[in-house]
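A quick write-up on the structure given underneath.
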Amino acid sequence: MQIKKVKKEFLWGAILVFLMVSSVFGIIFGGFSGGTNKVDYNGFKFVRKGDVWSAKINKNEIFFDYFPTEVQDINISSEALNKISSTKMVYFTSNPNSRYSKSIGYSQFRLSESMGKYFNIFSSFGFKENFTERIPLITCENTTQFVPVVDFREANDTKVFLEDGCIIINGNRETDFIRAKDKIIYTLFGIIK
């Protein structure tokens, strides 16, 4: 009787060890995802890669922080989009003391990178207030017919619009500026119409 009990306990122990070991191998070789990381949107294939979304567009791999459905609600005026798409240079500016300065800086950098690499739009950066001698003072007054200013502002609503030739990107929290950046890039590529 005692031997049967030991064999039974050994068998259950062996099954438990097998399940634990196979679970570890499953995580190592299969990852933590429970489903697919590939999603189609408007004829484009997106792949989730860590914290970002990736899409192949014109043989280039483009990265986004948000999936298109997460930014669709942001309003971009056609005038602002036309101003961006028809220029060869933009000035980016913001308040250096904004509570959202990190996400604004990140959004400006990523937007500048995408506009330069894929749309041949050169960017220059500044602040709306004298911050240091090395960073130029840029306000909406610096907007010209050929070089618009893109002004990142804290506001109660999230939207992108044109005001006296100046492109305004409003945001109410950290993520709003990053979402607006993605919406602009998605719209320039024609992914969101």
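Remark: segment 139-154, residue by residue, has Karplus-estimated 3J(HN,Hα) of 10, 4, 5, 7, 4, 10, 4, 9, 10, x, 9, 10, 9, 8, 10, 6 Hz, where x stands for each Gly or Pro and the curve is 6.51 cos²θ - 1.76 cosθ + 1.60 at θ = phi - 60°.
The packing ranking of peptides 175-182, 51-58, highest mean first, is 175-182, 51-58, where packing means the average number of other beta carbon atoms within 10 angstrom of each residue.
Potential lengthening of the chain between ASN82 and GLN145 amounts to 21.4 nm, from the contour at 0.36 nm per residue minus the alpha-carbon distance.
Each residue in MET89, MET115 was given a count of other beta-carbon atoms within 10 angstrom of its own, and listing them fewest first yields MET89, MET115. Net charge near ILE185, counting Lys/Arg +1 and Asp/Glu -1 over other residues with Cβ under 12 Å of its Cβ? Residues close to ILE185 contribute a combined charge of +2. Straight-line reach from LYS56: taking Cα to Cα under 17 Å and skipping same-chain neighbours fewer than 8 places apart, the aspartates and glutamates in range are ASP40, ASP65, GLU113, ASP182. Give, as a single signed number, the net charge of other residues whose beta carbon lies under 13 Å from the beta carbon of ASN75, with Lys and Arg counted +1 and Asp and Glu -1. Summing Lys and Arg as +1 and Asp and Glu as -1 gives -1. Working ranking of peptides 125-136, 61-72 by packing, defined as the average number of other Cβ atoms within 10 Å per residue, highest first, is 61-72, 125-136. Taking each of LYS38/LYS102; LYS128/LYS181; LYS102/LYS193 in turn, the alpha-carbon distance tops 23 angstrom for LYS38/LYS102; LYS102/LYS193.
Any read-out appearing in this document is the output of simple, stated calculations on the displayed coordinates, not a laboratory observation. Just so we're clear, the structure is a prediction, and the values are computed from it rather than from any experiment. Using ideal geometry, Cβ is built from the backbone for each residue, glycine included, and neighbour counts are taken over all protein chains shown.
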